[in-house]
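Notes follow once the structure below has been shown.
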Amino acid sequence: MSQPDARPPAAPERVILDDAAIRRALMRIAHEIVERTEQIEHLYLVAIPNGGVPLGRILAANLESLTGQTVPLGILDTTLYRDDLSTRSSRPRLRKTEMPSSVDDRAVVIVEDVVSTGRTIRAGMDALMDFGRPSNVRVMALVDRGHRELPIKIDFVGKNIPTQPEDKVIFRTSEGPEDGELSIVVREGGAA
């Protein structure tokens, strides 16, 4: 006799942005960055793992197609710069940092998938200072869901999504090559 499944049913998910919508938003954001950057040769993208990395790669390719210039893309782990490390019960998982050069006098755009409280962005700004003194720092988020706990401004936004604080907003990439299918889903009630 089989045992009934003791797991609770999965919370319903809604696709907020599909692959085509994400790629359109990133092209629009690339145009905005070009319009608002005086010296494109000083531009430097810094992606926050995990979701920021595939978005940063697409954004860098879009910027190169618009300007003809290769824009450097760094990957910056913010884990040890977070102000909530002491509140976590488990040991934090460190991720890769790859900064191709100093950010001195560069116009930096921090690339993040989903922004809510602003704590990851603040940690990113703190971590960035270990790599130099940029001329300015702006923030790009594919999704801004509000619920800010810190006064962080998002300069380039793909989409503002009103959510409840307990909802989970998830950036997904398909298995396979870097240019796989992307999506943003909302799982109501924060169920895992």
Members of the range 16-45 that are touching a Phe, Trp or Tyr at 6+ places or on another chain (Cβ under 7 Å) and surrounded by fewer than 18 Cβ atoms within 10 Å (Cβ to Cβ): GLU32
Residue list for the range 153-167, filter: at pLDDT 95 or above and buried (at least 16 other Cβ atoms within 10 Å of the Cβ): ILE154, ASP155, PHE156, VAL157, GLY158
Residues (in contact with a helix residue (DSSP H, G or I) (Cβ under 7 Å, 6 or more places away or on another chain), farther than 23 Å from SER183 by Cα, β-branched (Val, Ile, Thr) and surrounded by 15 or more Cβ atoms within 10 Å (Cβ to Cβ)) located in the range 50-84: THR67, VAL71, THR78
Complete set of residues in the range 42-81 that are β-branched (Val, Ile, Thr), modelled with pLDDT of 95 or more and within 19 Å of GLY118 (Cβ to Cβ): VAL46, ILE48
Residue within the range 144-154 that is in contact with a helix residue (DSSP H, G or I) (Cβ under 7 Å, 6 or more places away or on another chain) and in contact (Cβ under 8 Å) with a residue 40 or more places away in the chain present: no
Conditions (1) more than 15 Å from the chain's Cα centre (by Cα); (2) modelled with pLDDT of 95 or more: number failed by ARG91: (2)
Total residues in the range 128-152, condition surrounded by 16 or more Cβ atoms within 10 Å (Cβ to Cβ), modelled with pLDDT under 95 and of a type in the set (Gly, Ala, Ser): 0
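The values are calculated or read from the model by the stated rules, or taken from the named source; none is laboratory data. Small disclaimer: the values here were computed from a predicted structure and weren't measured. Neighbour counts are summed over all protein chains in view; Cβ atoms, including those assigned to glycine, are modelled from backbone coordinates with ideal geometry.
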